[in-house]
Amino acid sequence: MAATRQAVLLAALLVAGGAGGSTLVRAQDPVPIAVLPFEALSETVAPVTAIRGALVGRLAARGVPLLGEEALETFMRRHRVRYIGGLALETGRAFRSETGAGAVLVTSVDLYAEKDPPRLALTSRLISTGDRARILWMDSARMAGNEAPGFLGLGRIDDQKALRDRVIDRLADSLARHLSRGEGRPADAPARTRPPRRFLPRTSSRSPGIQSAGNGPVRIAVLPFSDDSTTRHAGEILFLQVLRSLVEAGSAEVLEPGVVREVLLKARLVQEQGPSIPQADLLRALLEVDVVLFGEVSEYIEAGAGTAEPEIEFLVRGIDTARRQAIWSSVSHGRGDDGVFFFDWGRVETAHELASELARGLIDRFLSSAKKPS
């Protein structure tokens with residue numbers, strides 16, 4: 001009964017979310033989710049297959065309908081799917097028509113450490129298949145074994161598997177809750193309040209009044225971040241956290257990165273330092289995008305590797321494609337102990353959590369300048 005109810009709710013969500021096309025499912029049809037292999041973005045080697053298996057098990061236990069493993073493997077072999085960091089439009093259409101999957105779950109392992117203390121961070125997003133690839137939900141879950149030691153350290157977690165179970169439960173609960181009640185708020189984040197001042201950009205300049213190309217909300221494409229830090233995949237991790245903050249804010253239509261990537265590759269527009277104005281013109285023509293955001297990570301230091309505090313610095317720029325001009329530039333910087341004066345209250349234990357908070361501060365300030373003129 002639970003699986004049937006989740007299937008009906010997912011079908012209704014896809015209808016409301018604009019899965020689109022003649023293959024749009026009826027609300028009573030079972031609509032499974034295809035869980036793609038996990039992308040490994042952590043500095044250390046992580047058991048991504050085991051972590052994925054644990055999440056699949058937790059989702060199934062919560063009644064979330066899932067596409068069978070054999071059907072998924074057959075589809076990926078047939079279409080030679082190698083990119084697992086997003087969903088291209090053609091791949092999404094094929095998923096819907098050939099497997100019946102109504103959505104694809106894309107997940108990355110952003111942080112993994114076995115001990116001293118154990119740490120794990122996952123980021124997932126649910127993308128509709130069919131004629132539109134729309135981000136329906138996105139969330140991160142993370143935990144460090146020493147983040148809540150409590151009295152005499154009795155709350156400290158030293159076992160990676162125990163910590164992994166908690167992180168996976170948070171992510172599975174968040175997705176199941178979203179499918180059941182349409183709630184997308186992260187399980188491990190506070191309510192949508194204004195971010196603390198210490199997480200806002202250190203410097204920013206903006207031009208208000210972004211114009212929408214159509215009658216709907218402002219359409220934003222986030223391009224891959226360049227990475228000048230010494231940490232592998234730091235650009236991808238910051239990119240995902242900025243994307244997540246935009247999706248969570250809900251005031252703009254955020255394009256699925258897999259669709260953006262597909263267009264960039266076909267148009268040969270991939271550049272390390274962001275697009276030029278003529279290239280932004282092309283993105284507007286191909287994607288009807290109003291704003292293009294791109295960034296550069298200069299520092300990403302994780303705590304534990306010979307350092308006491310995580311530290312991050314990154315720059316983000318934005319182009320208004322209608323006015324053909326830069327409309328945003330900001331620099332964000334933070335340390336885990338910023339604003340902490342006693343008893344470690346408010347201390348941020350991991351670079352991943354710090355990235356999430358800095359991204360939330362950035363997007364809060366950016367969106368305050370992105371209101372459509374009346």
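Every number in this text was worked out from the coordinates using simple rules, so none of it is lab data. Owing to the predicted nature of the structure, the values given are computational and were not obtained by experimental measurement. As a convention, Cβ positions derive from the backbone with ideal geometry for all residues, glycine included, and neighbour counts pool all protein chains shown.
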Handout entry: Length gained when the stretch Arg77-Thr203 is fully extended (0.36 nm per residue, less Cα-Cα span)
Key = 40.6 nm
Handout entry: Estimated inter-spin distance, Asp165 and Ala308, nm [label 7 Å along Cα→Cβ]
Key = 3.4
Handout entry: In sequence order, calculated HN-Hα J values of region 105-118 (Karplus, 6.51, -1.76, 1.60; Hz; x Gly/Pro)
Key = 9, 10, 9, 10, 9, 8, 8, 8, 8, 7, 7, 6, x, x
Exercise for the section: Show me 254-261, 118-125, 82-89 ranked by packing, highest mean number of other Cβ atoms within 10 Å first. Expected result: 118-125, 254-261, 82-89
Fill in the blank from the handout: The ³J(HN,Hα) series, computed from each phi in region 81-93 with the Karplus coefficients 6.51, -1.76 and 1.60 at θ = phi - 60°, rounded to the nearest Hz and given as x for glycine or proline, is 6, 10, 7, 10, x, x, 10, 6, 4, 5, 5, x, 4
Handout entry: Residues Val297, Val56 arranged by fewest to most Cβ contacts within 10 Å
Key = Val56, Val297
